[in-house]
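Read through the structure below, which is laid out as structure tokens, and then see the notes.
Here, each number is a calculation from the coordinates, and none is a lab measurement. Since we're looking at a predicted model, the values are computed, not measured. Positions of Cβ are generated from backbone atoms using ideal geometry, with glycine treated the same way; all protein chains shown enter the neighbour counts.
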Amino acid sequence: MKDAIKNSIRTTKFAVSQENAGNWYVVDVKDKILGRAASEIAKRIRGKYNPKFTPNSDMGDWVIVINADKVKINVKREELKDYKRHSLYPGGQTITSYKEMKSKHPERIIELAVKRMLPKTRLGNRLIHKLKIYTGEEHPHGAQNPVALNI
């Protein structure tokens, strides 16, 4: 009788990070809208497309972003958007405009957009390392055989 009850009980199998193959994808963000591209990249890094998705494990893929300097946002938003950071000292707040950030560090624009869409936990800190961003067409990850991803 106990064996029949044991066999009838089904247990849920949770996915583990080691089961994930971790595919590589290349995303060309030339003339793409920043927010829409960042949300698709964050979904791919997090692994939400995967049927085995588990919120507390790393089931995502590696994403290579090229042409980061050619990403677009609304013209009005270009003037209004600011990036703020603080050194944790009194009077240590630094504000950088979007135009200044795009001219000096265009890859940080995409990095910050994706990072802020990931969980604010240790898992999110691990997942952001699966994002590789380059300003030109070239990237050094040819050995991983990345697949082009259209977003």
So what is the relative contact order of the chain, in percent, for Cα pairs below 8 Å that sit 6 or more residues apart? 31
If you average 1/r over all unlike Cα pairs in segment 16-148 and invert the result, what Kirkwood radius do you get in angstrom? 15.9
At each listed q (0.17, 0.25 Å⁻¹), what is the log10 of I(q)/I(0) that the Debye formula gives for segment 63-141 modelled as equal alpha-carbon point scatterers? -0.81, -1.21
Under a straight-distance cross-link criterion of Cα-Cα below 20 Å, which aspartates and glutamates are reachable from Lys120, leaving out those fewer than 8 residues away in the same chain? Glu40, Asp58, Asp61, Glu111
Percent antiparallel among DSSP beta bridges confined to the chain, nearest 5, equals 30
Cα centre as origin, Lys/Arg/Asp/Glu Cβ charges: segment 1-136 dipole, Debye: 360
Over 24 Å between Cα atoms, which of Lys30/Lys76; Lys30/Lys132; Lys43/Lys99; Lys81/Lys104; Lys48/Lys102 qualify? Lys43/Lys99; Lys48/Lys102
